[in-house]
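This report concerns only the one structure given below.
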Amino acid sequence: MEIAPGTESTTAESPSPMDEDSYESSLPFAVFDDVTQGSPAAMDGILIGDQLVRFGSVDGGENLLSRLAQEGLTNEGRGLPVIVLRLGGRVYLTVTPKRWSGRGLLGCHVQPL
């Protein structure tokens, strides 16, 4: 991404206004119903009860659980932009799927809504 002089880059935690607007009306499609203490998901800020609006390139649709798993595998070791709904407000996180001492690459479970 090229940045014009005098402008600042944005991160997943601080989305550009265009990114924020494009997901303003997006509805959550899954909820985190388990997050293991000390897991990559927990360390990156995911909480039980967070409602998932976007996970990398996944923002709902069919074959949801397999697409979420594939997104994590494809991006192992790389930060993924994640948007959750928490206590009525949007929270922008960067989550990094990686190997750890527990199950999976994130150590969490989601339930489709």
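Structure summary
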{"item": "Shape call, segment 65-113: gyration tensor on alpha carbons, a/c limit 1.5", "result": "prolate"}
{"item": "THR74-THR94 pseudo-label distance in nm [points 7 Å out on the Cα-to-Cβ vector]", "result": "2.0 nm"}
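Here, each number is a calculation from the coordinates, and none is a lab measurement. If you're wondering where the values come from, they're calculated on a predicted model, not measured in any experiment. Every residue, glycine as well, gets a Cβ built from its backbone with ideal geometry; the counts of neighbours run over all protein chains shown.
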